[in-house]
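Here's the structure we're looking at; comments come further down.
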């Protein structure tokens, strides 16, 4: 155990007033919806209930200027969902923010002894 | 609600292998123990059980080269606890890390529209 490496995990949560808007978990949910085209599958892949996932999406959509996720009905993929362009831009911005922050964190911690 | 400000909260969690070592909550616990000289009072002020607080301290002490918190017995303040010099240095390092990271985050986000 003494030889185990030290690692750092950073999270940024974005609030609108007191309301949670975005964080690592919510971004992952958006990414999975983009991947699967389905809220149900995205939720399942994160071991989250559909109800919980839909609640998070409603919270994000209520805060964002444009919806980040839209449900689609009818057609072959009836019941599916898409991440909108606004949603995709939000994912990208958050990913860039985290990348920059993690690079800064690496610089800050490489010469520090924590143990 | 539309006029509510956007705010950012960052957290850094430090792991030793898979074992959680430090994070915002644990650092706050150390700060409160330093403030109160008592694990029980520190825990109470954070609405945490003594059992939970002591469990966290044991985890931190097991990972750190030197204990971060030591229980004191006997004397007027029998049952008290102190944050060791190693613990104080750890609090300070974490605070400096967070300050630098938050300054970087502010620079990164000041020109970004999130909503």
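Worth a mention:
- Kirkwood hydrodynamic radius over Cα pairs of chain A, then Stokes diffusion coefficient at 10 °C and 1.306 mPa s, in µm²/s: 100
- Using the rule -39500 (n - 2.57) for each DSSP H run of four or more residues, divided by the residues of chain B, the 222 nm mean residue ellipticity is -16500 deg cm²/dmol.
- Shielding of B:8-20 by partner chains, average beta-carbon count, 10 Å: 6
- The distance linking the stretch B:1-69 with the stretch A:10-50 is 26 Å (Cα centroid to Cα centroid, whole angstrom).
- Relative to the longest principal axis of the Cα atoms of chain A, the long axis of helix A:24-36 lies at roughly 50 degrees.
- Working from label points 7 Å from Cα in the Cα-to-Cβ sense, the residue B:45 to residue A:8 distance is 2.7 nm.
- Relative contact order [Cα under 8 Å, 6+ residues apart], the stretch A:14-109, whole percent: 23
- The angle between the Cα long axis of helix A:50-63 and the main principal axis of chain A comes to about 90°, on a 0 to 90 degree scale.
- Degrees, to the nearest 10: A:85-109 long Cα axis against longest axis of chain A: 10
- Computed E for residue A:85/residue B:18 - FRET, C-beta separation, R0 35 angstrom, nearest 0.05: 0.35
Since every read-out is calculated from the coordinates, none of them should be taken as a lab result. As the structure is a computational prediction, the values presented were derived from the model and not from experiment. Cβ sites come from the backbone with ideal geometry, for glycine too, and all protein chains shown count toward neighbours.
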